[in-house]
Amino acid sequence: MNFENGWVLRSALNFASDGEVVREVGREFQRKVPEKAKADLAKECLTQEILPAFRQYDADHNGMISLQEATAILGKPPFNFPATRVDSLLRRFDKDNNGQLDIEEFAAFYAEARISHEEISNCFDRLDKDGNGVLSPDEVLSVIQERMGADKQTAANLIKLYDRNQDGNLDKTEFMFLWSAMFGQ
């Protein structure tokens with residue numbers, strides 16, 4: 001869910017807390033049918049997706065997501081983000097610079113993490129020409145050369161560097177680390 005309009009998310013937050021109405025919005029907002037539809041959609045996304053994810057990340061139940069809590073989730077499957085990627089995401093969405101994410105900051109953070117993961121995963125799937133779940137050096141070599149302008153030897157060395165299990169291929173997790181290191185996504 002894209003929360004480009006911050007007011008939509010704030011409106012949804014006004015409506016929902018554990019699925020209960022906690023505050024009513026003004027009559028003017030109620031009369032705006034298209035905006036109300038957007039708010040209803042945001043509320044649905046918030047209650048069905050964002051709040052459960054927020055609760056999952058908020059291990060100490062203090063109502064904030066710390067770097068350690070975010071890293072504990074995003075560092076594991078299906079995300080497999082390196083700690084540096086999680087840190088940069090947290091810093092980017094921590095609007096009040098307190099080192100933690102409240103629910104509104106978390107909604108944007110979580111959406112970006114999911115989009116980033118999906119983009120990298122889709123890239124992996126496109127490169128995996130034979131569909132065997134791993135990328136051979138041939139399958140990944142061209143993208144490194146094209147995207148980075150690297151010569152064949154540099155590209156081969158990068159593949160070896162991120163091939164953690166030393167099987168000569170990159171699995172999806174290894175590719176995620178390589179991609180994040182190369183492009184910061």
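The values are calculated or read from the model by the stated rules, or taken from the named source; none is laboratory data. Predicted, not measured: the structure shown is a model, and the values here were computed from it. Heads up, the Cβs are rebuilt from the backbone with ideal geometry, glycines too, and the neighbour counts pull from every protein chain shown.
Points worth noting:
- Residues satisfying the stated conditions in region 151-185, i.e. surrounded by fewer than 17 Cβ atoms within 10 Å (Cβ to Cβ), of a type outside the set (Val, Ile, Thr) and farther than 18 Å from residue 82 by Cβ: 151, 152, 153, 156, 157, 166, 167, 168
- For residue 116, the test of being under 22 Å from residue 170 (Cβ atoms), in contact (Cβ under 8 Å) with a residue 12 or more places away in the chain and of a type in the set (Gly, Ala, Ser) is passed.
- Search result, residues across region 128-146 that are under 30 Å from residue 90 (Cα atoms), touching a residue at least 24 places away in the same chain (Cβ under 8 Å) and part of a helix (DSSP H, G or I): 140, 144
- Qualifying residue in region 55-64 (condition: under 13 Å from the mean Cα position of the chain (by Cα) and either within 17 Å of residue 181 (Cα to Cα) or at pLDDT 90 or above (or both)): no
- Looking at 72, 37, just one residue is farther than 27 Å from residue 162 by Cβ and either at pLDDT 50 or above or assigned to a helix (DSSP H, G or I) (or both), and that residue is 37.
- Restricting region 62-71 to residues that are farther than 15 Å from residue 114 by Cα and in contact with a helix residue (DSSP H, G or I) (Cβ under 8 Å, 6 or more places away or on another chain), the residue that is surrounded by the fewest Cβ atoms within 10 Å (Cβ to Cβ) is 63.
- Those residues of region 75-108 which are at pLDDT below 85 and touching a strand residue (DSSP E or B) at 6+ places or on another chain (Cβ under 7 Å), in sequence order: none
- Among the residues making up region 101-118, a single one is closer than 11 Å to residue 89 by Cα, over 10 Å from the mean Cα position of the chain (by Cα) and of a type in the set (A, V, I, L, M): 101.
- Boolean, residue 120 is more than 30 Å from residue 57 (Cβ to Cβ) and buried (at least 16 other Cβ atoms within 10 Å of the Cβ): no
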